[in-house]
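In what follows, a single structure is set out as structure tokens and then discussed.
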Ligand code: RIB
């Protein structure tokens, strides 16, 4: 199975701040770094590092070449990423001392994706190839519809959440991967019980597999009417940016070859490792690192 990630490529400008800047406040940051990012790029790298044959489709401006190099270094095919006159998308990210973040996005070239471009890219893929999308590019509905018409399973990470745009797309989805806030927004109500939330969500995309990430509380996977739970791994978070993207890529790769519970454990381990490192794309572990981490965890669990 091949994976096509049709998504965003961003330059991430990351500022270390004592707290998120408040309304009317001018705040000094203690450090600044530039990283490769964008939910599309991060998830493509996670899929490739997890071992999937991965293609990326999207658009960058003239200053986005280093994003393509990072993708290629991870083994992602970038033949379907086009160059545009529009500047590359970027994100301004504040990272707080506890590793939490807040993100301001500029779509840039990510928003020039047209129906024609989508049709051209999808013509190179066939039934059984996986499409993975997020909500940082234009023409999302058209891309998903064309993929379904070709017999491709569609995975959606509905982030950033825009309920009005995304809810109507749910019937097209085969795998939905989201966090608790996004799930509540899609449903239009919050529920304390995560399992109930998952079952309620499953009525919006019948037949789909749904993964719900719960931060420190772990993750749940709804698969063929059964619910699997994975506790989070105890790690010291340095930067949580891109942890959800790492989880998404590893889960989808894992589901192609493992039992659901094993895929969920693999994805949770990869995400746990990612939060111990700075940046989004550079923090995504290799499969080897993830398996080593998992066997260390299994040894520690056996001792307890
Ligand atoms: O999920 C993290 C990503 O969200 C960042 O890399 C940033 O570019 C935004 O797209």
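At q = 0.07 Å⁻¹, what is the log10 ratio I(q)/I(0) for the chain, with the Debye formula run over Cα points and no solvent? Normalising to I(0) and taking log10 leaves -0.24.
The alpha carbon gyration tensor of the stretch 135-199 gives principal lengths a ≥ b ≥ c with a/c of 1.5 or higher and a/b greater than b/c, which makes the shape prolate. Highest GNM mean-square fluctuation among 92, 11, 210, for the chain modelled with Cα contacts below 10 Å: 92.
Rank the residues 82, 102, 36, 205 as a footprinting-exposure proxy: fewest other Cβ atoms within 10 Å of their Cβ go first. Walk me through the numbers on the way to the answer.
Values: 82 16, 102 13, 36 25, 205 20.
Ordered by Cβ neighbours within 10 Å, fewest first: 102, 82, 205, 36.
The residues 182, 164, 258, when put in order of fewest to most other Cβ atoms within 10 Å, stand as 164, 258, 182.
Order these by the 10 Å Cβ neighbour count, fewest first: 1, 191, 56. Present the calculation step by step, with values, prior to reporting the outcome.
Working: 1 13, 191 16, 56 30.
Listed from fewest to most nearby Cβ atoms, that is 1, 191, 56.
Quotient of the Cα radius of gyration of the stretch 163-260 and 2.2 N^0.38 Å, N being its number of residues: 1.06.
Build a GNM of the chain with springs between Cα atoms under 10 Å apart, and of 226, 261, 281 the one that fluctuates most is 226. Where only DSSP H runs of four or more residues are counted, the chain gives -10000 deg cm²/dmol as its mean residue ellipticity at 222 nm, each run worth -39500 (n - 2.57).
If a/c stays under 1.5 just call it rounded; otherwise compare a/b with b/c (prolate if a/b is bigger, oblate if not). Do that for the stretch 97-141, with a ≥ b ≥ c from the square roots of the Cα gyration tensor eigenvalues. Verdict is oblate for the stretch 97-141. Note on the chain: with a GNM built from Cα contacts shorter than 10 Å, the maximum mean-square fluctuation among 155, 267, 231 falls on 231.
Projected onto its three principal axes, the C-alpha set of the stretch 1-48 covers 49, 20, 14 Å, listed from the longest axis down.
Highest average first, the peptides 125-134, 20-29, 247-256 ordered by how many other beta carbon atoms sit within 10 Å of their residues are 247-256, 125-134, 20-29.
Given axes a ≥ b ≥ c from the Cα gyration tensor, I'd like to know whether the stretch 28-177 is rounded (a/c under 1.5), prolate (a/b larger than b/c) or oblate. Because a/c hits 1.5 or more and a/b exceeds b/c, the stretch 28-177 counts as prolate.
Indicate, rounded to the nearest 5 percent, the antiparallel portion of the DSSP beta bridges found entirely in the chain.
40 percent
Centroid-to-centroid, using Cα positions, the stretch 32-106 and the stretch 150-214 are 24 Å apart.
Since every read-out is calculated from the coordinates, none of them should be taken as a lab result. All of these numbers come straight from a predicted model, not from anything done at the bench. Here the Cβ is made from the backbone with ideal geometry for all residues, glycine too, and neighbour counts use every protein chain on show.
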